[in-house]
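Derivation of every value follows stated rules applied to the coordinates shown; laboratory data play no part. Values in this document were obtained by computation on a predicted structure and should not be read as measured data. As a convention, Cβ positions derive from the backbone with ideal geometry for all residues, glycine included, and neighbour counts pool all protein chains shown.
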Amino acid sequence: MTSGPAETPRPVPPGLVEAFREYERALMADDVEALDRLFAPGPTTLRGDAEGLLVGHDAIAEFRGSRGGAPRRRIVQTHVQVVDDDHALVVAVTELERGGRGQQTQLWARSATGWAVTAAHVSVPAPALDTRVWRVVGDPLVPGAGSGPLAGETLAVKDLYAVAGHRVGAGNPTWLAQAPVESEHATVVGRLLAAGADVRGLARTDELAWSLAGTNAHSGTPPNPRAPGRIPGGSSSGSASAVSLGHATVGLGTDTGGSIRVPAAYQGLHGIRTTHGLLPRDGLLPLAPSFDTVGWLTRDAATLRRVGEVLLPPSPGGGDDLVVVPSLLALATPEVAAAVEGHVDAVAPGVAREEWDLPLDDWLDAFTTRQGFEAWQAHGGWAGGRLDALGPDVAGRFRHAGTLSAADGERAAGVAAEARTRIRDLVGDRVLVLPSAASVAPRPRDDMARVRSATLRLTLLAGLGGLPAVSLPTSAGGLPCGVCLVAAPGRDRDLLDLAVRLSKP
């Protein structure tokens, strides 16, 4: 360990070397208790890496407790710049066991209890392929037409769509192993290629698209760069993360119960769930055909609209009057509800507010029952004998779906049809405004069942109604959340125009 700068060398303060070595030992042993002790307490302690900045000891401890240990490495160089007797900057060069070199920079401070890190930044070699985000990637994987309205755009295609020359992996390695090589592109993929966009790669999805979390028991959880240490939202998680990370400009996904709107909200993206049945779904692996829709995500509203101008027919027209339902806002956390109201008041003051009497518990039961029934019809023959090949959450959903009878499915379909009529009547030719998800992105250790249930009570309105929905980014407490705009069927391009007008600069 050397001290510098060289022209004014100062001795390394007593105890610092020992504390640094104890930190390295604890890191390699995943000794969480020791690491907590060696990071300074309080809300101003910092830890940053390529995936984001964690602020405060509690946030750092939460991250450390959930990551399962750091990559194996050894220290090859260490340099110290002494600030004063109680503060020093330590820069170490690391060599990873898997290959490549990284660096860590730490600001250490001495208190009555000893030395502790007050700020740290870690860098490691970027993987050639982040397999949490991508299953297959190229430069490009499939080139577009070379010219057209989407020339220069790059697509992260959710691994449910057929891309000629590749298999559909559906987020599960057992499924991938038996999947045939596709001979044709899904119609939507073909249209985007013809418009000049390149396919960058096939992005990860939650298994068979049956999740809102974005986690995958096989390939891991794609990062959420806008909310480090929190989940990305699913099931279009890979497509969303690819766009958020800047790996692609457009994330092609699907939305059954919120799988475009939720990752858009969690990652500060723009996203659209299109009117049910408006775009062809051939070449798209189904989950629940009564609710499955095509959707996409972008980092800005203008690009979201340009994709819509390629894919969508003209809208039938209608009003742009906005309506907020306070009881729907109240389904979200207070911070998210306030953020949505604040965003709307800022960009469109004077929005109408009215109460709707909605049997949301009954509708949620009907939605999840019909979704489960259709998922079993589509995939039960495969999944029923392979539950051990599925992650625990998805396996549990298929296990329950296998117990649903045809009568259960029919009863749910009847309630869903009544709900569709009621929702469409209430929306009319206006635009409903509500939260895209009930909370900011949860941490992996949060109660995911509770989070899922709360969010589905919001997202099912567009799902049961078969309506288009656009998510606009805003923030709550420094974390992304979403403002959702819902309109009558077929008004997708109207919503995209409105999104451009209402997006904050």
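Here are a few things to note about the model shown:
- Rg [Å, one decimal], Dmax [Å, integer] - the chain, C-alpha atoms: 24.7, 83
- Annotation for the range 448-496 versus the range 315-362: alpha-carbon center distance of 11 Å.
- Charge dipole (Cα centre; +1 on Lys/Arg Cβ, -1 on Asp/Glu Cβ; no other charges) of the range 290-443 amounts to roughly 580 debye.
- When both bridge partners sit in the chain, DSSP labels roughly 75% of those beta bridges antiparallel.
- Taking Cα atoms only, the orientation of helix 360-383 departs from the longest principal axis of the chain by about 80 degrees.
- Sorted by Cβ density within 10 Å, fewest first, the residues E24, E153, E184: E184, E24, E153
- Dipole magnitude of the chain, debye to nearest 20 (Cβ charges: Lys/Arg +1, Asp/Glu -1, about Cα centre): 700
- Selection from S315, A346, G100, by position along the positive dipole direction of the chain (Cβ): G100
- Footprinting exposure proxy for S211, S453, S147, S239 (fewest neighbouring C-beta atoms within 10 Å first): S147, S453, S211, S239
- Across every pair of non-identical alpha carbons in the range 2-123, the mean reciprocal distance, once inverted, gives a Kirkwood radius of 14.8 Å.
- Share, in percent, of DSSP beta bridges within the range 129-287 that are antiparallel, nearest 5: 45
- Counting only DSSP H runs of at least 4 residues, each contributing -39500 (n - 2.57), and dividing by the residue count of the chain, the helix-based mean residue ellipticity at 222 nm comes to -11000 deg cm²/dmol.
- log₁₀ of I(q)/I(0) at q = 0.17, 0.21 Å⁻¹ - the range 232-343, Debye sum with one point per alpha carbon: -0.94, -1.26
- Normalised alpha carbon radius of gyration of the range 436-505 [divisor 2.2 N^0.38 Å]: 1.23
- Nonlocal amide H pairs with A119, under 5 Å, H built at 1.01 Å: L46, L107
- Going by neighbour counts of Cβ atoms within 10 Å, the residues R430, R445, R200 line up, fewest first, as R445, R430, R200.
- For the range 232-323, the relative contact order comes to 30 percent (Cα pairs under 8 Å, sequence separation of at least 6).
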